[in-house]
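Reviewing the structure listed below.
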Amino acid sequence: MTESVPRENERQPAAAEWPDCALCGSVETRRLFTARDRLTGRPETFPVVACVHCGLVFISPRPPVQAIAAYYPDAYYPLDAEPSPESLAVAEGLCQRVMAWAHAHGHAAPRVLDVGCGTGVFLHLVQRAGGQVRGIEMSPSACAYAGIRYGLDVSCGTFDDVALPPGTVDIMTLWHVLEHVHNPLATLRKARDLLAPDGVVLIGLPNFASYEARLFGRRWYSLDAPRHLYQFTPATVQALLRQAGFTVEQVVHSSATFGLVYSIMGDLTGISLRLRGRSLSPGTWRSIARTLHPLAMPFCSVAARMGRGGALEIVARPQASATGLPGAW
Ligand SMILES: [Zn+2]
């Protein structure tokens, strides 16, 4: 772990920890590059390392659990406006997939748990389509928004705080969550235990093996250090799922353009994503993004077709005999 020793002109977080590899337990890593927090502009640096044994990519050293909230400013959540057409379209697409799966498996009113539900637009759509919904979200302001705007009962906390009986969730969504948690293997094992025997988990996450990740490196929007503690590839996330007791059913490469568009915008603005919601109004920010979107589409479509999309969407189900007795919510 000699790579984890700070170099000259690098400042570690005030509180730091050096995690073992979450996939294979190794302590041997090699440094890929050093990233900065482009959202808050804080001065610390975050080495991005790869396990020399299994290839899992993560930040080390990193802020420990008790210090990570400081890196999630309220500006992280767009609470000042209705969902943008783009985010509404994503939520609608996900809702349609979830309800189609539920109906195909005989669930008229599926029990849906959205981990990291944000401001609740996805759960609102699922509830309107007949689902029984629950959400967990660590941002108090996002929880309050979900309650006031949609009337949802969202628990404020982390996935560790979820205390549902085992085997009682039909569909769990971990949409851009796994890269944020300190122990993704423990998160997936808990997800497997909560799922019904015929349940399913839908996972979305950035793809570190994507063309856009290679193109932008430390400036890649979806690097998002230090909030993204892990960076997965199709190989490492599938290995982690198998280790947690899942069977992977589907891995889809997303052709979504936001990772590429926001990476370009971060470069164009010169200083960082701190501009979002500050120097640039959210409306102006979205206008620029909409202008770039059609230009990014051909690249992202080709990347997805080549198996190098900017994000991955994964469907997995518990391996047989992994769940407890079904119970009621
Ligand atoms: Zn490893």
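Readers should treat all values here as calculations from the given coordinates under stated rules, not as data from a laboratory. Every value quoted in this text rests on a predicted model; they were computed, and no experiment measured them. Backbone-built Cβ (ideal geometry, glycine too); neighbour counts: all protein chains shown.
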Report, in order of residue number, the helices in the chain meeting two criteria: a C-alpha extent of 20 Å or more along the helix axis, and a mean Kyte-Doolittle hydropathy of at least 0.5; treat each whole DSSP H run as one helix.
-> none
So what are the stretch 138-240's ellipsoid semi-axes, whole angstrom, largest first, if each one is the square root of 5 times an eigenvalue of the alpha-carbon gyration tensor?
-> 26, 19, 11
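Taking the stretch 37-144, which chymotrypsin sites (Phe, Trp or Tyr not before Pro) meet the DSSP loop condition and have no more than 12 other C-beta atoms within 10 Å? Kindly include the intermediate steps, with their values, before the conclusion.
Numbers: sites: F58, Y71, Y76, W101, F122; in loops: none.
Here no loop site has a sparse enough neighbourhood.
Rounded to a whole number, what is D in µm²/s for the chain from Stokes-Einstein with the Kirkwood radius over alpha-carbon pairs (20 °C, 1.002 mPa s)?
On the way: Rh = 20.4 Å.
Estimated diffusion coefficient is 105 µm²/s.
Mind sorting W175, W220 by how few other Cβ atoms lie within 10 Å of their own Cβ, fewest first? Before the final figure, lay out the partial values.
Working: W175 19, W220 26.
By the 10 Å Cβ count, ascending: W175, W220.
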